[in-house]
Amino acid sequence: MANKNVIWADKATLSKDLSGKTYIVTGSNSGVGFETAQQLVKQGAQVVMAVRRPEAGEEARKNFKNVKGTCEVMKCDLADLDSVRNFVNEFKAKHNQLDGLMCNAGMVNMENKPKYTKHGFEYTWSASYFGHFLLTELLLDTLKATPNARMAIISSVVHAGSPKSRPKVHLEDLNYKKRKYDNFAAYGEAKVAVVLYAKELAERLEGTGVTTYSIHPGWARSNFGSGGGVIMKSIFSLVQPLTKWFNMSDSSWESAQTSLHCLLSDDAPQHSGAYFSQHSVLYRDKECKKGGWPMKSPNPNASDMDSARKLVKMTRGMVGLD
Ligand SMILES: NC(=O)c1ccc[n+]([C@@H]2O[C@H](COP(=O)([O-])OP(=O)(O)OC[C@H]3O[C@@H](n4cnc5c(N)ncnc54)[C@H](OP(=O)(O)O)[C@@H]3O)[C@@H](O)[C@H]2O)c1
């Protein structure tokens, strides 16, 4: 069973009074995002739950316990750039500050054939990267106008791959229009893009007071992968009990603490652009502290700033910002 009592994050971080502060958490009806949003509300924040299915968001918020702050649910489907734009317009009509943008949502297309959004983006990439990219860029003015604002985005240890095979962003064909499709490769590449984006944004925003982070949240027993067929579901249910042996997190609450550390701790802003990671057998990082604080990704493709700048320039055009 997931251990709901594990506390990795600094107690001071988890007891800060967040009254008067505003946060957006994408994908907060479920898993890590739910726990992140609930803790922010517990600490007194005003939280906007940016969700693909508002009815699921409304159901989820009913389960928040010990609520001190407030929360509202707004539709934001990251696989639909029109929905992202509508969300930003609605948010800005109601709010003029944004202390933290938690780009949490993500999924992997469980069918090994490409699925495209209405704007022609590969679906897994869209949910993790393209949607969050547009969301963040459209909210930069509000983030910059809020003192010490932060943006954090969830990657995955999968972005690291193995020493023999390191995922990278294929700038010539991000969306698998010409390459043979592989759903888990698409997930790993999108999560490399996310790490690169946090780094590029940190560089671009230096001196503005806004700081950025990418995160591997550990292995969380969430709804992740639940869209798969019987075989995928069986693999997930077999792997999950093993996570404790490898000292990885095993509940969404444990995983959410890395996000909360990035959003709230006094320490995080000293590491803008960094990759924060919980333990993982995939890179056996002996230095990685419990809870997951900054470390260098073992994948050199995830710290290549030339790729990062090219990726961002290209993405701006692809999502209609240039
Ligand atoms: N679980 C793990 O072990 C693990 C490991 C490494 C990284 N991660 C990452 O951690 C993050 C949170 O995942 P989780 O474990 O909490 O999984 P989860 O329980 O499945 O939650 C994922 C959330 O993302 C939302 N989402 C999916 N597609 C979306 C879209 N197009 N637009 C808006 N929201 C969308 C889902 O909404 P619906 O409910 O409507 O589908 C759900 O709220 C993801 O980025 C994932 O890649 C997870």
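The set of residues in the range 187-208 that are over 25 Å from Ala256 (Cβ atoms) and of a type outside the set (Asp, Glu) comprises Arg204, Gly207, Thr208.
Among the residues examined, Ala93 does not qualify as more than 15 Å from Gly317 (Cα to Cα), at pLDDT 95 or above, of a type in the set (Gly, Ala, Ser) and surrounded by 24 or more Cβ atoms within 10 Å (Cβ to Cβ).
Figure legend. Inter-residue proximity from the range 92-118: first residues under 17 Å from Pro147 (Cα atoms), second residues crowded, with 16+ Cβ neighbours inside 10 Å and basic (Lys, Arg), beta-carbon distance below 7 Å, spacing 6+ or different chains. Indicated pairs: Asp99/Lys21; Gly100/Arg150. All of Val169, Val194, Val210 fail the test of being modelled with pLDDT of 95 or more and within 16 Å of the ligand (Cβ to nearest atom), apart from Val194. Considering (1) modelled with pLDDT of 65 or more; (2) loosely packed, with under 14 Cβ neighbours inside 10 Å; (3) farther than 28 Å from Lys11 by Cα, the lone condition that Asp267 does not fulfil carries the number (3). Inspect the range 136-156 for any residue being crowded, with 21+ Cβ neighbours inside 10 Å, hydroxyl-bearing (Ser, Thr, Tyr) and within 10 Å of the ligand (Cβ to nearest atom) and give the result as yes or no. Yes - at least one qualifying residue is present in the range 136-156.
The values are calculated or read from the model by the stated rules, or taken from the named source; none is laboratory data. This is a predicted model, so every value here is computed, not measured. Positions of Cβ are generated from backbone atoms using ideal geometry, with glycine treated the same way; all protein chains shown enter the neighbour counts.
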